[in-house]
1. Order the peptides 159-172, 92-105 from the highest to the lowest mean number of other Cβ atoms within 10 Å of their residues.
2. Would you mind calculating the relative contact order of the chain from Cα pairs under 8 angstrom and at least 6 residues apart, reporting the percent as a whole number?
3. Taking the Cα centre of each part, how many Å lie between the stretch 40-96 and the stretch 174-242?
4. Determine the gain in length on full extension of the stretch K328-R104; use 0.36 nm per residue of separation and subtract their C-alpha separation, reporting nm with one decimal.
5. List the aspartates and glutamates whose alpha-carbon lies under 17 Å from that of K239, not counting same-chain residues fewer than 8 positions away?
6. Using helices alone, I'd like the mean residue ellipticity at 222 nm for the chain: each DSSP H run of four-plus residues gives -39500 (n - 2.57), total over residue count, nearest 500.
7. Give the order of E150, E155 when sorted by the count of other beta carbons within 10 angstrom, beginning with the fewest.
8. What span do the alpha-carbon atoms of the stretch 281-350 cover on each of the three principal axes, reported in whole Å from largest to smallest?
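FYI, it's all coordinate maths here, none of it is from the lab. Nothing here was measured: the structure is a model prediction, and the numbers come from that model. So basically every Cβ, Gly included, is an ideal-geometry build from the backbone, and we count neighbours across all protein chains shown.
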Amino acid sequence: MDKPFCNKQTDKMVVSRSEFKFAPNRVCKASRLSVAPMMDWTDRHCRYLHRMLSRETLLYTEMVPAPALVRGDAVHLLDHSPEEHPTALQLGGSDPSELAAAARLGEMAGYDEINLNVGCPSDRVQSGRFGAVLMKTPELVAECALAMREAVSVEVTVKCRIGVDTQEPQETLPEFLSQVSAVGVERFVIHARKAWLEGLSPKENRNIPSLDYSLVRAMKRLFPGLHLSVNGGITELEKAKAFLDSGLDGVMIGRAAYHTPADILAAADPLIFGCGARRDPVQVATDMLPYIERHVSDGGKLSQITRHMLGLFAGRPGARQWRRVLSKGAHRPGAGPELVQRALRQFDTTIGFNDPIAPVELVPSPVPR
């Protein structure tokens, strides 16, 4: 049965076909800080962990190809937990009607935002006319975005590059924003690097092209009515706050949020959103235990969750032993939350938590505020 949920008194109560969906203004607030969609990384288990670290940050799915949903009947790719909200679904594709149909499926599944990928440079994505290659055809992106907007009531957003190949970003990016915003898209995430579609691998495209943050700031001055977030090369929460203080509307962080999640997300709520307290990684790992128990009891593998938890204590005493225990034991038959409890016990002395870890109880995890 559908249930209403309201995060704050200023938000309207919304009913979703999943358990919960956040009001649009709540999602926009959450986009002050977001975790980038990352293939093979930001799956539902990763997002659950990130939500335990920050109740406010906007989380994104991995990119989901629209053809897989519409033609391949891969609706299982939309599975997620209500605790993950606010959560955005990122779609890949270039066919307006197909993207519209996929967006409808995403809204029906309960996602709070539908995002169109216009930034991924991989060969596989290019062959399907997905991702960064679409920077060459802003009129097609506008057509896709319009079809998606007409198909759903949740906000449709776009994640893009500043340009590709030999394009001049100073000319390409404002024209792109102008054409796509003309159909009603108001929120963009801009990866502040060009993408070279030939000659560089996806990994090289994350590092070799130079970052041009000043161009993203210039776009905010040129389009003051648009909500613009910057992405690319941001590895510290303090740097994210500096971008916000400089006038940008949001910051998206990728690999740093995955590899060192506590450094990026544990203090995000008080520093970026002005609410809540810093989360302790020991408590976060403990809060994950009921979720892990449910997953394993349903036939899932412990490693499907713990692979995302390896960096939880990065840079802290005991981090190496934590990784060692989980890496060696999580793949073994029958591995469950007890292994995580064992890995946590070392922090009795290294971090100062001396109370014994309580046995796992099968109780529902609290829905974040």
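1. So the peptides 159-172, 92-105, ranked by packing, come out 92-105, 159-172.
2. It comes to 15 percent, rounded to a whole number.
3. Cα centroid to Cα centroid, the span is 21 Å.
4. Net length gain for the segment: 76.5 nm.
5. Reachable aspartates and glutamates: D212, D249, D263, D269.
6. Using -39500 (n - 2.57) per qualifying helix, the result is -10500 deg cm²/dmol.
7. Listing E150, E155 from fewest to most nearby Cβ atoms yields E150, E155.
8. 33, 22, 17
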